[in-house]
Amino acid sequence: MVEIKTDTALERMREAGRVVAHALAAVRAAAAVGVRLRELDAAARTVLSEAGARSPFLGYRPSFAPTPFPAVICASVNDAVVHGIPDDYRLRDGDLVSIDCGAELHGWTGDAAISFTVGTARPADMELIAATQQALDAGIAAATIGHRIGDISHAITTVARMAGCGMPADFGGHGIGRQMHEDPHVPNHGRPGRGFPLRHGLALAIEPMLMAGGSNDYRTDPDGWTLRTIDGSRAAHIEHTIAITDDGPRILTLP
Ligand code: MG
Ligand code: MG
């Protein structure tokens, strides 16, 4: 069931989204060559805790997962696409890192992700990150009254295809509100004019995941969580929580 949010609820989601943005900024500031992924998780935990927010990631266990998620961020490095578990891995020069974070504040949730490089960036990684940002921007721009979910999907698909990138077929964005994952699903692959009609008060997480190798195939690590590209190519993942409004799409996960 799709819940249309009141304007008051959207204001609450904006506050949760602000906490997510601050947590991601803290992670990015802490990320450097030699820093452990676990330390990035600690940086996000501090922000959530100081804001009085709960993590919707910690202990989360969707049907595909063998174990509850053990952290407040997903940290996916290089060929990891999404759902990487922050462990003792130390960041190396030239790593491409995607960080996903959520926060629940006063019963409402925000969800966002960033991709960045550490140390000396490879030009190809900068292009991949730029294409992923462009796919997100196109998806958000399509999130207007009169459009449908498929128009968002199609906008993302178009950018990914032009960049020669693949996207895992089974993972995408989602409705969001009281829960992190609500209806409707927001596929990254899709056709225009299809799916749930967009209306004022609909809140969505939009999250393109681009894989540089161009294949849509992926594999899952033995940990049951980490998604990796099938060909070892690198991946980027950028996400915002937005609200559809009569005045256009409103990003809720900005600082
Ligand atoms: Mg997310
Ligand atoms: Mg999400």
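The values are calculated or read from the model by the stated rules, or taken from the named source; none is laboratory data. Everything numeric in this text was worked out from a predicted model, so none of it was measured. Methodologically, a virtual Cβ is constructed for each residue, glycine included, from the backbone with ideal geometry; neighbour enumeration extends over all protein chains shown. Quick note on the areas: whole protein, heavy atoms, side chains included, nothing else; ligands and nucleic acids left out. Shrake-Rupley method; radii C 1.70, N 1.55, O 1.52, S 1.80 Å.
Tabulated data for the structure shown
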quantity	calculated
Per-region count, the range 120-137, residues within 30 Å of residue 51 (Cβ to Cβ), more than 15 Å from ligand 2 (Cβ to nearest atom) and small (Gly, Ala, Ser)	0
Residue 161 open to solvent by 60 Å² or more (accessible area, probe 1.4 Å), at pLDDT 95 or above, among the charged types (D, E, K, R) and in contact with a strand residue (DSSP E or B) (Cβ under 8 Å, 6 or more places away or on another chain)	no
Qualifying residue in the range 172-188 (condition: away from ligand 2 (no atom under 16 Å from the Cβ), out of contact with any Lys or Arg (no Cβ under 7 Å at 6 or more places or on another chain) and small (Gly, Ala, Ser))	no
Residue selected from the range 32-52 under the condition charged (D, E, K, R) and touching a strand residue (DSSP E or B) at 6+ places or on another chain (Cβ under 7 Å), by the criterion most open to solvent (accessible area, probe 1.4 Å)	36
The range 81-95 - residue that is within 16 Å of ligand 2 (Cβ to nearest atom) and not in a loop (DSSP other than H, G, I, E, B) and, of those, surrounded by the fewest Cβ atoms within 10 Å (Cβ to Cβ)	82
Hits in the range 5-31 - residues which are in contact (Cβ under 8 Å) with a residue 12 or more places away in the chain, within 21 Å of the chain's Cα centre (by Cα) and surrounded by fewer than 18 Cβ atoms within 10 Å (Cβ to Cβ)	15, 25, 28, 29, 30
For residue 68: the one exception among (1) assigned to a loop (DSSP other than H, G, I, E, B); (2) in contact with a strand residue (DSSP E or B) (Cβ under 6 Å, 6 or more places away or on another chain)	(2)
Selection from the range 129-158 of residues that are open to solvent by 10 Å² or more (accessible area, probe 1.4 Å), farther than 11 Å from residue 188 by Cα and of a type in the set (S, T, N, Q)	133, 134, 144
Some residue of the range 146-162 being assigned to a helix (DSSP H, G or I) and in contact (Cβ under 8 Å) with a residue 60 or more places away in the chain	no
Conditions (1) in contact with a strand residue (DSSP E or B) (Cβ under 9 Å, 6 or more places away or on another chain); (2) closer than 21 Å to residue 236 by Cβ; number of the one not met by residue 29	(1)
One residue from 207, 182 being at pLDDT 95 or above and more than 21 Å from residue 107 (Cβ to Cβ)	207
Selection count where residues are part of a helix (DSSP H, G or I) and surrounded by 22 or more Cβ atoms within 10 Å (Cβ to Cβ), scope the range 103-128	1
Test set (1) part of a loop (DSSP other than H, G, I, E, B); (2) crowded, with 19+ Cβ neighbours inside 10 Å; (3) free of Cβ contacts under 8 Å to residues at least 24 places away in the same chain - residue 58 fails condition number	(2)
Qualifying residue in the range 26-47 (condition: part of a helix (DSSP H, G or I), modelled with pLDDT of 95 or more and polar (S, T, N, Q))	yes
Single residue of the range 138-166 satisfying the filter (among the aliphatic types (A, V, I, L, M), under 18 Å from the mean Cα position of the chain (by Cα) and away from ligand 2 (no atom under 16 Å from the Cβ)) that is farthest from residue 246 (Cα to Cα)	160
